[in-house]
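The next block holds one structure in the form of structure tokens; read it before the comments.
The numbers here are math on the coordinates, done by the rules we state, and not lab data. Worth saying up front: this structure is predicted, and the values here are computed from it rather than measured. Using ideal geometry, Cβ is built from the backbone for each residue, glycine included, and neighbour counts are taken over all protein chains shown.
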Amino acid sequence: MEAGYVAGVNNYAGQSAVPASPGTLSKDAFLQLLVAQLKYQDPINPQGSEDFVNQLVQLSTVEQLYNLSQGMNRLLELSQLSEAVSLVGRVATVKGNDGTLISGAVEKVGLAEGKIYLYIEGKAFELSQLTEVR
């Protein structure tokens, strides 16, 4: 089946399987393509069972890779949070938004909107602004 035909089917259904960023395909988009292909396949020349099984294996692989990626991202977040918590009470230097260096004891650590913040002298700084720890 031609890719243009499948894209036309998705446009007809009012749903787009175009990924958010070039070169990626979400598992939902992949499933939409698979369903559209099955729904609109040529009845005179239907898809072979081997091709169908291969596509199901691909779907399973995409889903497992997605789950693995999510798990790795969560592990990275927890690792960074653990690193930040270990800084509490230590003297750290951060680069302020205006480019100045600010040093002081890390009072606490916060987590908001998926970002980790260090609090020095009552002000919040992202962990990425950290330049030195003493």
Approximate spin-label separation VAL35-LEU111, in nm, with each point projected 7 Å along Cα-to-Cβ
3.4 nm
Give me the one-decimal nm value for the distance between modelled label points at GLN70 and ASN45, 7 Å along each residue's Cα-to-Cβ direction.
3.9 nm
Need the list of lysines near LYS27 for cross-linking: C-alpha distance under 19 angstrom, and skip anything on the same chain fewer than eight residues off.
LYS39
Proximal lysines relative to LYS95, as straight alpha-carbon distance under 30 Å, when same-chain residues fewer than 8 apart are discounted
LYS108, LYS115, LYS123
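Given just the C-alpha atoms of the range 29-108, how large is their convex hull per residue in cubic angstrom?
Numbers: hull volume 10.6 nm³, N = 80.
It comes to 132 Å³ per residue, whole-number rounded.
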Per-residue ³J(HN,Hα) for the range 62-77, Karplus 6.51 cos²θ - 1.76 cosθ + 1.60, θ = phi - 60°, Hz, x for Gly and Pro
4, 5, 5, 5, 4, 4, 5, 4, 4, x, 5, 4, 5, 4, 5, 4
Applying 1/(1 + (r/R0)^6) with R0 = 35 Å to the Cβ-Cβ distance of VAL53 and LEU81, what FRET efficiency is obtained, to the nearest 0.05?
0.25
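For the range 68-134, how big is the tail of P(r) above 19 Å, as a whole percent of Cα pairs? Intermediate values should be presented prior to the final figure.
Details: 665 of 2211 pairs.
Beyond 19 Å sits 30 percent of the P(r) for the range 68-134.
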